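Just below is one structure, and these are the notes that go with it.
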Amino acid sequence: MTMSDTTKRTTGRRSTVVLLGGLAAGAVLGAALGVTTGDAPRDASVQEQFRSAFTPGAAQTESLPINRIVVTEP
Amino acid sequence: MPLAPLPNPARVDPADRAGWPVVLVSMPFMDIDWPSIQLGLLGEILRGHGFPVRTLHANLDFAARIGADYYRQLAGRQARLIAEWLFSVEAFGPEAPDPDGRLLDDFATELADLGDDSRDWRARLLETRRVEVPAYLDRLAADPVWDGVKVAGFTSTFQQNAASFALARRLKRDRPELITVFGGANFDGEMGPEWVRAVESVDLAVVGEADTAFPRLLDRLVAGVPPTGEPGVACRLDGEVVTTPPAPPLRQLDDLPAPDYAEYFERAGRLGLLPRTGPGAVPIPFESSRGCWWGEKHHCTFCGLNGSTMMFRAKSPQRMADEFVTQARRYHSFRFHGVDNIVDMGYLKDLFPVLAAEGVTYQIFYEVKANLTRAQVRTLAQAGITQIQPGIESLSSRVLRLMRKGSRAAQNINLLRWAAYYGVEVGWNLLYGFPGETEQDYAQQAAVLPHLVHLQPPTGAGRVWIERFSPLFGQSPSRTPEATYRYVYPDTVDLGKAAYFFEYDLPGALPPDAYTALVKETAAWSDAWSAARRPTLTYWSSPGLVQIYDGRHPGAEGTYTFEGPLADLYAACSDRPITAAAVHDRLGGSLTPAQIREALDEFAGRGLMVLDESLALSLALPAGPPR
Ligand code: SF4
């Protein structure tokens with residue numbers, strides 16, 4: 001279900017719409033919750049983040065459906 | 001039933017129709033795994049007019065005789081007319097062009113996988129032709145079902161002609177007073193009149209839709225009025241064939257009855273051809289629409305739908321909902337197979353949400369247009385549409401434009417993504433051989449395919465067929481009928497008028513090796529998909545964070561982690577293909593246009609996205625249960 005579907009599911013009563021990180025508003029993602037962008041500096045070049053983005057290793061298949069990736073070093 | 005809006009010159013007392021028994025027959029090589037909608041529907045229409053009608057799924061008897069698996073092999077072999085050839089001698093007697101079986105030598109490389117392994121494939125096919133076919137026809141023609149019957153109606157689509165002609169020949173020999181009427185897709189346009197002219201066992205043909213024309217023709221026969229001048233009928237008159245153009249096609253499909261399939265289930269059950277799990281596993285054919293709303297405006301260049309039947313008409317959502325319920329109860333099946341060319345988009349609003357809300361557990365097959373959104377695929381899935389055929393045809397936007405398909409490569413891939421996500425099976429092919437295409441179009445497609453192995457592969461990649469009525473047929477310079485027609489039909493048949501498939505001879509064809517890489521990558525995709533561990537490309541996301549697990553290629557698995565705007569960019573390109581400018585807007589300017597371009601290239605370089613001209617699309621599927 002998308003965020004906009006959530007807003008449509010109100011039942012006539014005015015509901016409070018929670019904007020998760022600005023998703024529903026289309027604002028800068030992450031900004032609304034004030035999250036930092038972790039270790040990657042905002043001014044790092046695009047290529048630099050791509051260079052360090054990949055961690056090799058096969059995931060445990062059983063870990064896939066849950067909300068976390070278990071990476072085993074090769 | 002209000003199916004005859006034209007004035008009827010044959011004034012028939014309905015009671016007289018009771019004296020005109022009709023048998024409607026479906027011959028090999030109609031599929032045996034579900035009933036014929038043509039028989040089911042026409043039978044009910046004629047009954048509604050008061051004719052005593054029996055349907056006869058005679059294809060089942062042949063399958064039972066030669067073995068169901070062998071039958072399915074033959075029925076599925078459409079590239080060459082081997083199935084027609086098996087009945088050719090019985091259809092045309094001494095005029096049959098290939099009594100000795102040259103076809104088996106001349107096309108050996110394409111046919112050698114046929115047979116049931118019990119012996120050499122040639123010996124098996126020759127035995128079928130020389131022993132099993134005549135024995136089958138003798139028994140069928142002698143069946144008491146024909147006693148007292150006035151009209152035998154044959155419905156013929158794909159490779160059903162020769163078997164139908166062969167049975168008609170025997171019936172006319174044994175019962176000269178019996179009238180044979182042919183119809184179906186093989187009798188559309190100029191094909192119908194040519195078969196009437198060239199094949200003695202064909203008395204009359206219905207050209208075009210039969211719902212109105214067939215009962216009106218029967219009324220003429222009952223009243224003793226000549227069939228000449230009846231819209232949609234071809235007949236012989238003083239040695240000439242007289243054809244009257246069909247009336248406008250039926251508009252109100254709600255007026256049609258629900259097809260009656262009782263005879264199929266009775267016969268298939270008796271012959272041991274029903275699935276072990278019982279009739280519940282038999283897909284019930286249904287027709288919710290006719291024509292094609294896309295083709296009315298942009299006829300896809302390879303599509304053999306006839307102009308007159310292109311007009312789109314659909315049953316009302318309420319009528320379809322009722323028909324599903326009725327047919328499920330009648331045949332104790334929850335599986336349905338739509339014979340529509342394209343789904344009515346109105347059903348996505350008015351029918352499928354109702355099926356979803358009612359909690360019915362149907363498994364429905366539909367042909368659809370490929371540019372469906374995620375929300376539309378979800379609606380289909382929730383309504384129980386478990387299989388679709390979307391006419392993807394190509395993963396090159398340039399080639400898709402050449403075929404006037406009305407969808408982009410990125411939309412096609414997006415459909416495959418959301419179908420995989422929501423658990424909808426997709427039947428599709430890659431086609432090539434379109435005038436104007438370039439080697440680069442295929443090099444680019446071949447390069448994309450390895451990134452898509454986590455999605456459902458095509459069943460194959462092949463050269464487009466030239467079908468009568470298609471725009472490509474009009475561009476074909478020589479219009480040479482497919483080569484094996486001449487092994488089936490006597491010289492007296494003008495195949496220029498009667499054939500449906502034609503040899504590929506389009507101008508500017510690329511050399512065959514232009515497609516080698518595409519064919520190879522297609523096979524590799526299929527292999528990867530059927531491996532013990534199915535390839536996966538899955539992402540987890542939260543604002544400012546995306547992790548993508550890439551398990552597409554054994555030995556090269558790994559996880560990508562993106563944070564900040566790059567993560568948001570990847571998530572923004574997931575729902576549907578999107579332009580770089582739209583990405584820029586979505587990200588609120590957190591990346592410059594140049595950075596966005598650079599990032600899209602980097603994602604595409606790793607096979608995590610596809611870039612399709614101005615559009616970008618993330619390839620990974622969201623983790624977790626479908627939402
Ligand atoms: S190929 Fe499909 S979408 Fe195209 S005109 Fe034919 S039926 Fe319509």
- Size of the A/B contact, given as accessible area buried on both chains, probe 1.4 Å, in Å²: 2900 Å²
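From the C-alpha gyration tensor of the range B:504-627, pull out the three semi-axes of the equivalent ellipsoid (sqrt of 5λ each), sorted largest to smallest, in whole Å.
30, 22, 12
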- Query: So how many Å³ per residue does the convex hull of the Cα atoms of chain B work out to?
  - Reply: 165 Å³
- Query: Tell me, what ³J(HN,Hα) does each residue in the range B:235-249 have, in order and in whole Hz, if you take phi through Karplus 6.51 cos²θ - 1.76 cosθ + 1.60 with θ = phi - 60° and put x for Gly and Pro?
  - Reply: 8, 8, 9, 6, x, 10, 9, 10, 10, 10, x, x, 5, x, x
- Query: Going by Cβ distance under 4.7 Å, what cysteines of chain B have no possible disulfide partner?
  - Reply: B:Cys235, B:Cys292, B:Cys573
- Can you run phi through the Karplus equation (6.51, -1.76, 1.60; θ = phi - 60°) for the range B:607-615 and list ³J(HN,Hα) in whole Hz, with x for Gly and Pro? x, 8, 9, 10, 10, 10, 6, 7, 10
- Query: What figure in square angstrom, to the nearest 10, would you give for the accessible area of B:Glu482 with a 1.4 Å probe?
  - Reply: 20 Å²
- Rotationally averaged projected area of the protein assembly as shown (alpha carbon convex hull; nm²): 34.4 nm²
- Task: Show the residues, 5+ positions off or on another chain, whose built amide H is closer than 5 Å to the amide H of B:Glu230.
- Result: none
- How far is helix B:210-223 tilted off the main Cα axis of chain B, in degrees rounded to 10, range 0 to 90? 0 degrees
- Query: Looking only at Cα atoms, what is the convex hull volume of the range B:275-465 per residue, in Å³?
  - Reply: 129 Å³
- Message: Explain nothing, just the number: relative contact order of the range B:60-176, from Cα pairs under 8 Å at least 6 residues apart, as a whole percent.
- Response: 38 percent
- Task: Tell me which residues come under 5 Å, amide H to amide H, from B:Tyr432 once H is placed; ignore anything under 5 positions away on its chain.
- Result: B:Gly462, B:Arg463, B:Val464
- Query: To the nearest 10 Å², what's B:Trp121's accessible area with a 1.4 Å probe?
  - Reply: 30 Å²
- Message: Can you give me the Kirkwood hydrodynamic radius for the range B:14-243, using every pair of distinct Cα atoms, in Å to one decimal?
- Response: 18.1 Å
- Task: May I ask for the distance between the Cα centers of the range B:321-386 and the range B:496-573, given as a whole number of Å?
- Result: 27 Å
- Note on the structure: Nearest 10, in degrees from 0 to 90: the angle of helix B:37-49 to the longest Cα principal axis of chain B is 50 degrees
- Taking every other residue with Cβ under 12 Å from the Cβ of B:Ala247 and scoring Lys and Arg +1, Asp and Glu -1, one gets -1
- Kirkwood calc, the range B:234-364, C-alpha pairs only, radius in angstrom 17.3 Å
- Net charge near B:Gly544: determine it from the other residues with C-beta under 10 Å of the C-beta of B:Gly544, scoring Lys and Arg +1 and Asp and Glu -1. -2
- Task: Using the Karplus curve 6.51 cos²θ - 1.76 cosθ + 1.60 with θ = phi - 60°, work out ³J(HN,Hα) for each residue of the range B:160-176 in order, rounded to whole Hz, and write x for Gly and Pro.
- Result: 10, 5, 4, 5, 5, 4, 5, 5, 4, 4, 5, 4, 5, 5, 7, 9, x
- Item | Around B:Ser396: net Lys/Arg minus Asp/Glu count, Cβ-Cβ under 11 Å | -1
- Leaving out ligands and nucleic acids, note down the accessible area per residue over the protein assembly as shown with a 1.4 angstrom probe, in whole Å². 42 Å²
- Under 17 Å from B:Lys315, Cα to Cα: lysines that are on another chain or at least 8 residues apart: B:Lys349
- Query: Can you list the aspartates and glutamates whose alpha carbon sits under 15 Å from that of B:Lys405, skipping same-chain ones fewer than 8 residues off?
  - Reply: B:Glu296, B:Glu367, B:Glu393, B:Glu437
- At least 30 Å² of accessible area lost relative to the chain alone, listed for the range B:504-547 with a 1.4 Å probe: B:Arg533, B:Trp540, B:Pro543
- The long-range amide H neighbours of B:Glu503, using H built 1.01 Å from N in the peptide plane and a cut-off of under 5 Å, are B:Thr480, B:Glu482
- Message: For a quick check of understanding: with a 1.4 angstrom probe and all protein chains in place, what accessible area in square angstrom does B:Trp540 have, to the nearest ten?
- Response: 20 Å²
- Item | Translational diffusion of the range B:131-246, µm² s⁻¹ [Kirkwood Rh, Cα pairs; Stokes-Einstein; 4 °C; 1.567 mPa s] | 90 µm²/s
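Provide B:Asp505, B:Asp441, B:Asp120 ordered by accessible surface of protein heavy atoms (probe 1.4 Å), highest first.
The ordering from most to least exposed comes out as B:Asp120, B:Asp505, B:Asp441.
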- Task: With the full set of protein chains in place, find how many percent of the accessible area of the range B:387-465 is carbon and sulfur; take the probe as 1.4 Å.
- Result: 47 percent
- Could you tell me how many degrees, from 0 to 90 and to the nearest 10, lie between the Cα long axis of helix B:317-331 and the main elongation axis, the longest principal axis, of the Cα atoms of chain B? 70 degrees
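The values are calculated or read from the model by the stated rules, or taken from the named source; none is laboratory data. Computed from a predicted model, the values in this text were never measured in an experiment. Heads up, the Cβs are rebuilt from the backbone with ideal geometry, glycines too, and the neighbour counts pull from every protein chain shown. Heavy atoms of the whole protein, side chains included, go into the accessibility calculation; ligands, DNA and RNA do not. Shrake-Rupley method; radii C 1.70, N 1.55, O 1.52, S 1.80 Å.
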